[in-house]
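A.B. asks: To start, I am sharing the structure in question, which I have written as structure tokens.
The values are calculated or read from the model by the stated rules, or taken from the named source; none is laboratory data. These numbers were taken from a predicted model, which means no experiment stands behind them. No Cβ is skipped: glycine too gets one built from the backbone with ideal geometry, and neighbour counts run over all protein chains shown. The area values use the complete protein model at the heavy-atom level, side chains included, leaving out ligands, DNA and RNA. Shrake-Rupley method; radii C 1.70, N 1.55, O 1.52, S 1.80 Å.
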Amino acid sequence: MTNALGQPDTPLEARIRLSHAYFQNLANKNSIDLLHIKGYAFGTDTYREKRKSSDVDILVRPAHVARLMYLLQADGWRILTHFETGSIFEHAATLYHPSWGLADVHRYFPGIGYFDRALAFDKLWSTRRTKDIAHFPCDVPSVVDARVIVVVHGARSFAPKHPDVEHLQRSLKPADWQQMRQRAEELDCMVAFDTALGNIEHHANHPHYLLWKSVSTRMPSYVQWKARLSLEEKLSEKLRILHQIISVNEDHLAMKLGHEPSADERRELFFGRFALLRAQRKSRRKG
Amino acid sequence: MESTFKDDAATADATRYSHAPSTAYVYESEMVGANADSSTIFVCLLETSEILRLDAAGGLIWEILAQPATAEQVVAEVASVFQESEDTVRQGVLDFIASLLHQKLIIGR
């Protein structure tokens, strides 16, 4: 009655749904608080029907992140990009498992609680609900929080229209939006929320304005780094970010090359960027 | 107390079998863009990350065991759905239950 064993026959969607259950089971066994976000964790009350997902996203209580990462690596997961190298926000690590595929472990959600990630998680956790994914009870944000997360996520897109945000704009009533806006205020994510809706200029004087402007519109990457630097108050953090700007992003280079970069490849990327900058400056002078 | 499967003795056994707590499953028919008529189920023992693909009869037994059931109840249900005699399906059902128990996908109480 069993006609096949093993992963190659398992469609991606089944694998992703089952891996949500895997993460929840691991969390249950080890007293780790996590919320399943985006993808198959959110239903048709938030996303359009028949929307597909390609990975698993989980948001972990900040104090539990290190323990979860340890457990995952012990269980065969390999880190593809670390928190520090994944994005300008340093919010998620991407992991890969030969059976499960890709997963993004978030230590916070960009736009929600930049300065107090533990409090932000607490607020989302306090209104969580249980939803069966792969017939396994998983912790997910409330419907309102899920919708707010989708909007806030849309703020990180260069595209003028974000399909998931547009779907909410088409399908939800003014009262739903009022509820979302109220919750976005509670979650202290109004800048990202309004950015996604094309209203970033309402926050032109907000300290996070430049950061959200730089990730939602096409701008040179140094503007993002400038914005990140301006947000940090501690000298040690500013120095750490400066170091990141100068350093080669080895995780991204390894993914691009498909193997661990050699010393020569690292050197080439490092000096190549300066060559590119010189060429850009030269071209600007000519222009 | 959890039981181990006792081959043919199970037919007279009052042990009730059901999904083990650390299992999850997905119906292929529920998936986006999948064949709605598919009876395939992907079952996973979350502790080992192993995924088992169950076909029509295996899937049916898995569905029956979503609620605790004795081996004889499973035999009767499978026989009824496939319109076969209980004697015809019994050995196949018992073997399959034994296999699920061995893989720790179900428990018996």
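A.B. asks: What is the spread of the Cα atoms of chain A along each of their three principal axes, largest first, in whole Å?
C.D. replies: 69, 49, 35
A.B. asks: What percentage of the solvent-accessible surface of the range A:88-148, computed with a 1.4 Å probe over protein heavy atoms, is contributed by carbon and sulfur atoms? Don't skip to the answer; put the middle values down first.
C.D. replies: Details: 1090 of 2030 Å².
Carbon with sulfur: 54 percent of the solvent-accessible area.
A.B. asks: Within the accessible area of chain B, what % is carbon and sulfur when the probe is 1.4 Å and the other protein chains stay in place? Write out the running numbers ahead of the final one.
C.D. replies: On the way: 2490 of 5200 Å².
Whole-percent figure for carbon plus sulfur exposure: 48.
A.B. asks: Counting other Cβ atoms within 10 Å, which chymotrypsin sites (Phe, Trp or Tyr not before Pro) in the range A:95-160 have at most 16 and lie in a DSSP loop?
C.D. replies: A:F115, A:F158
A.B. asks: Per-residue mean of other chain beta-carbon atoms within 10 angstrom of the beta-carbon, peptide B:49-60?
C.D. replies: Working: counts 10, 4, 13, 6, 10, 4, 4, 2, 2, 3, 1, 1.
Going residue by residue through B:49-60 and averaging, the value is 5.
A.B. asks: Per residue, what accessible area does chain B have, given a 1.4 Å probe and all protein chains present, in Å²? Could the numbers behind the result be given before it?
C.D. replies: Values: 5200 Å² over 109 residues.
Ligands and nucleic acids excluded, the figure is 48 Å² per residue.
A.B. asks: Compare each residue of the range B:13-48 in its chain alone against the assembly with all protein chains, and report those whose accessible area goes down by 50 Å² or more; 1.4 Å probe, heavy atoms.
C.D. replies: B:Y25, B:V26, B:M31, B:V32, B:F42, B:L46
A.B. asks: Hey, what's the range A:95-195 come to in accessible area per residue, 1.4 Å probe, Å²? It would help to have the intermediate numbers written out before the result.
C.D. replies: On the way: 4270 Å² over 101 residues.
For the range A:95-195, the per-residue accessible area is 42 Å².
A.B. asks: Along its three principal axes, how long is the range B:23-108 when you only count alpha carbons? Whole Å, largest extent first please.
C.D. replies: Extents along the principal axes, in whole Å: 37, 30, 18.
A.B. asks: Place a point 7 Å from the Cα of A:E260 along the Cα-to-Cβ direction; which residues of the range A:78-112 have their backbone N under 19 Å from it?
C.D. replies: Under 19 Å, as judged by backbone N against the label point of A:E260, lie A:78-83, A:85, A:94-98 of the range A:78-112.
A.B. asks: For the range A:118-263, what Kirkwood radius comes out of the mean inverse Cα-Cα distance, in Å?
C.D. replies: Evaluated on the range A:118-263, it is 17.8 Å.
A.B. asks: Per Stokes-Einstein, at 25 °C and 0.890 mPa s, what whole-number D in µm² s⁻¹ belongs to the range A:15-56, with the Kirkwood radius over Cα pairs as the hydrodynamic radius?
C.D. replies: 220 µm²/s
A.B. asks: At most 10 other C-beta atoms within 10 Å and a DSSP loop state: those are the exposed GluC sites (Glu not before Pro) I care about. Give me the longest piece of chain A that has none.
C.D. replies: Values: sites that count: A:E49, A:E233.
Counting only loop sites that pass the neighbour cut-off, the longest clear stretch is A:50-232.
A.B. asks: Give me the summed buried accessible area for the B-A pair, 1.4 Å probe, to the nearest 100 Å². Before the final figure, lay out the partial values.
C.D. replies: Working: alone 6410 and 15910 Å², together 19910 Å².
When B and A are taken together, about 2400 Å² of accessible area is lost.
A.B. asks: If you don't mind, there's one more thing I want to ask. Which of the residues in the range A:17-59 show a loss of at least 10 Å² in accessible area from their chain by itself to the complete set of protein chains, at a probe of 1.4 Å?
C.D. replies: Residues meeting the cut-off: A:R17, A:L18, A:A21, A:Y22, A:N25, A:K29, A:K50, A:K52.
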